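A quick write-up on the structure given underneath.
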Amino acid sequence: MIISIDKDLCTGCQECIKVCPAYAIEGEAGKPHEIKSDKCVMCGQCVQVCKSYASIIDKGFKFVEEKRKERNLPDTIKEPVFAAYNVCEIERVKTALKDKSKFTMVQCAPAVRVAIGEEFGLELGTLTPGKMAAALKALNFDRVYDTNFSADLTIMEEGTELIKRITEGGTLPMFTSCCPAWVKFMENNYPELTDHLSSCKSPQQMGGAVFKTYGAQINNIDASAIYSVAIMPCTCKKYECDRPEMDSSGYRDVDAVLTTRELAYLIKDMGIDFNNLNEEKFESPLGTYTGAGTIFGVTGGVMEAALRTGYELITKENIPSIDITDVRGNEGFRTSTIKIGDLNLRVGVVTGLKNVVPVLEDLKSKKLDLDFIEVMTCPVGCVSGGGQPKLLLEEYRDIAYKNRIKSTYTHDKSLPLRKSHENPEIEKIYKDFLIEPLGSVSHHLLHTEYSVGKEVAK
């Protein structure tokens with residue numbers, strides 16, 4: 001299990017039960033709880049809210065150190081050991097970084113840059129892309145790329161797929177497929193509806209596949225030597241990279257995933273002074289991105305990014321307003337009609353997995369009249385992911401979410417390009433390697449199929 005609850009530490013406070021979007025946690029008040037593996041989507045929201053921890057005073061130093069060892073926490077990181085947790089994987093990455101036979105590539109998700117500063121005492125939601133890139137270079141990764149690039153790539157594929165479904169009579173509505181916890185929930189609970197999922201891999205997995213093919217070519221490196229690491233706000237991304245089908249490059253597309261917190265552990269463990277780093281840029285070409293790529297981290301961001309590009313691909317005209325505020329907001333389920341030329345595109349945005357069941361039930365009963373729906377498992381999108389910095393005080397949680405969202409849109413507006421199809425390196429990868437969206441090469445590397453039922457449970 002990627003997510004576990006330690007029965008030695010669980011007090012049965014039931015906070016994890018309240019936030020679990022898949023109703024996968026069971027237990028009586030005051031007694032240790034248990035995660036049902038066949039229901040768990042590994043989103044890590046239980047890890048975020050858990051406040052039950054091992055006290056050295058109550059449990060003793062030896063007990064706490066044994067728990068830390070079980071979870072692979074480095075000796076340099078001294079923080080409470082909580083009941084709900086995911087096993088730390090930084091030792092795997094440290095080993096790869098030391099291995100001179102490995103050519104290490106790293107990508108970093110958009111939501112990480114608005115949260116990681118919190119681990120180093122910066123104000124909640126501080127935007128730190130330059131320091132994050134500098135920290136990754138200081139860790140001696142051979143190439144420091146960005147998931148935002150593959151988010152732009154996702155829009156090219158997903159937008160083209162949507163247009164094809166609408167114009168050629170494909171299955172509608174089409175759901176986004178960026179969130180692996182949502183995909184797993186769909187596979188486990190509504191397998192008959194998986195045709196509604198976009199066939200696009202997530203940006204993480206697209207990035208991994210591209211790194212070991214196109215990336216190998218441009219770096220003149222044998223793909224077998226590449227060790228690909230993803231820095232993600234989400235614990236379920238660890239599960240996603242291990243799915244058996246995620247090997248379209250001919251190898252494991254992504255070798256290891258670290259959460260935002262784990263990256264902070266690694267930076268601290270290696271003695272890097274994050275706050276005093278000089279800002280650096282992600283490396284080209286696979287680190288070049290637009291504002292559309294960076295807003296993937298917030299609820300409504302994938303939808304807005306797709307609409308910015310979709311409008312211009314369909315109409316061949318500039319979009320009247322690049323900020324599509326109708327799809328922003330954190331209501332449980334928001335719908336809107338977006339006029340694109342002669343097309344009235346009916347869209348929906350689901351915030352938090354608990355709000356998706358009524359939508360799916362309406363779809364089953366043919367009461368849902370929409371074309372495109374974004375679904376994110378975590379409350380306000382990836383910025384509130386289970387692998388983000390832990391917020392123990394409730395009053396900090398709302399502030400952090402608000403500030404992370406604000407910083408995301410600030411980053412979007414600050415970038416010279418804000419539409420995925422205008423990214424020059426996206427244009428180049430299609431010209432030199434992928435040929436065209438939904439073409440044979442891109443379909444093989446960037447698209448996937450889905451499993452059903454307990455086949456996907458871990």
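Can Glu118 be described as out of contact with any helix residue (DSSP H, G or I) (no Cβ under 6 Å at 6 or more places or on another chain), in contact (Cβ under 8 Å) with a residue 60 or more places away in the chain and part of a helix (DSSP H, G or I)?
yes
Working only within the range 118-134, note down all residues that are surrounded by 24 or more Cβ atoms within 10 Å (Cβ to Cβ) and more than 14 Å from Asp146 (Cα to Cα).
Answer for the range 118-134, where residues must be surrounded by 24 or more Cβ atoms within 10 Å (Cβ to Cβ) and more than 14 Å from Asp146 (Cα to Cα): just Glu118.
Taking into account only those residues within the range 1-25 that are among the hydroxyl-bearing types (Ser, Thr, Tyr) and more than 19 Å from Thr259 (Cα to Cα), which is surrounded by the fewest Cβ atoms within 10 Å (Cβ to Cβ)?
If we take residues in the range 1-25 being among the hydroxyl-bearing types (Ser, Thr, Tyr) and more than 19 Å from Thr259 (Cα to Cα), then Tyr23 is surrounded by the fewest Cβ atoms within 10 Å (Cβ to Cβ).
Take the range 355-377 and flag every residue that is buried (at least 19 other Cβ atoms within 10 Å of the Cβ) and either of a type in the set (D, E, K, R) or outside the structural domain of Gly169 (by TED's automatic domain parsing) (or both).
Glu374
Taking helices (runs of 4 or more DSSP H) that fall entirely within the range 31-78, which contain at least 3 residues that are touching a helix residue (DSSP H, G or I) at 6+ places or on another chain (Cβ under 9 Å)?
Correct list: 45-49, 61-70.
With under 23 Å from Asp269 (Cα atoms) and either touching a Phe, Trp or Tyr at 6+ places or on another chain (Cβ under 7 Å) or assigned to a helix (DSSP H, G or I) (or both) as the only criterion, which of Ala135, Ala151 stands out? I'd like the intermediate steps shown before the answer.
Details: Ala151 fails: under 23 Å from Asp269 (Cα atoms).
Only one candidate passes the filter, namely Ala135.
When you look at Leu162, is it in contact with a helix residue (DSSP H, G or I) (Cβ under 8 Å, 6 or more places away or on another chain), part of a helix (DSSP H, G or I), within 13 Å of Ile373 (Cα to Cα) and at pLDDT 95 or above, yes or no? So that I can check it myself, show each step before the final result.
Working: in contact with a helix residue (DSSP H, G or I) (Cβ under 8 Å, 6 or more places away or on another chain): yes; part of a helix (DSSP H, G or I): yes; within 13 Å of Ile373 (Cα to Cα): yes; at pLDDT 95 or above: yes.
It is true that Leu162 is in contact with a helix residue (DSSP H, G or I) (Cβ under 8 Å, 6 or more places away or on another chain), part of a helix (DSSP H, G or I), within 13 Å of Ile373 (Cα to Cα) and at pLDDT 95 or above.
Which count do you get for residues in the range 37-65 that are farther than 22 Å from Leu263 by Cα and of a type in the set (Asp, Glu)?
So the count comes out to 2.
Would you check which residues across the range 225-281 are of a type in the set (Asp, Glu) and part of a helix (DSSP H, G or I) and list them?
Glu240, Asp242, Glu262, Asp269 - these are the residues of the range 225-281 that are of a type in the set (Asp, Glu) and part of a helix (DSSP H, G or I).
Between residues in the range 61-72 that are within 18 Å of Ala84 (Cβ to Cβ) and residues that are in a helix (DSSP H, G or I) and β-branched (Val, Ile, Thr), which pairs lie under 8 Å by C-beta distance while being six or more apart or on different chains?
The qualifying pairs are Val64/Ile56; Asn72/Ile90.
Mind checking whether some residue in the range 362-372 is of a type outside the set (Gly, Ala, Ser) and under 21 Å from the mean Cα position of the chain (by Cα)?
Looking for residues that are of a type outside the set (Gly, Ala, Ser) and under 21 Å from the mean Cα position of the chain (by Cα), one finds at least one in the range 362-372, hence yes.
Got at least one residue in the range 380-397 being aliphatic (A, V, I, L, M), assigned to a helix (DSSP H, G or I) and either in contact with a Phe, Trp or Tyr (Cβ under 9 Å, 6 or more places away or on another chain) or modelled with pLDDT under 95 (or both)?
Yes, because at least one residue in the range 380-397 is aliphatic (A, V, I, L, M), assigned to a helix (DSSP H, G or I) and either in contact with a Phe, Trp or Tyr (Cβ under 9 Å, 6 or more places away or on another chain) or modelled with pLDDT under 95 (or both).
Quick grid of which residues meet (1) within 20 Å of Cys234 (Cα to Cα); (2) free of Cβ contacts under 8 Å to residues at least 40 places away in the same chain:
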| residue | (1), (2) |
| --- | --- |
| Gly310 | no, no |
| Ile324 | no, yes |
| Lys367 | no, yes |
| Pro379 | yes, no |
| Leu393 | no, yes |
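Go through (1) polar (S, T, N, Q); (2) assigned to a helix (DSSP H, G or I); (3) surrounded by 18 or more Cβ atoms within 10 Å (Cβ to Cβ) one by one and return the number of the condition Ser177 breaks.
Single failed check for Ser177: (2).
Answer with yes or no whether Glu28 is surrounded by fewer than 17 Cβ atoms within 10 Å (Cβ to Cβ), under 30 Å from Ala209 (Cβ atoms) and at pLDDT 95 or above. Quick ask: steps written out before the conclusion?
Numbers: surrounded by fewer than 17 Cβ atoms within 10 Å (Cβ to Cβ): yes; under 30 Å from Ala209 (Cβ atoms): no; at pLDDT 95 or above: yes.
Taking the combined requirement at face value, the residue does not satisfy it.
Does the range 7-24 contain at least one residue that is in contact with an Asp or Glu (Cβ under 7 Å, 6 or more places away or on another chain), outside the structural domain of Glu187 (by TED's automatic domain parsing) and not in a loop (DSSP other than H, G, I, E, B)?
Checked against the condition, which is being in contact with an Asp or Glu (Cβ under 7 Å, 6 or more places away or on another chain), outside the structural domain of Glu187 (by TED's automatic domain parsing) and not in a loop (DSSP other than H, G, I, E, B), the range 7-24 yields no hits at all.
The values are calculated or read from the model by the stated rules, or taken from the named source; none is laboratory data. Keep in mind the model is a prediction, meaning the values are calculated, not measured. Ideal geometry is used to build each Cβ from the backbone, glycine not excepted, and the neighbour counts take in all protein chains shown.
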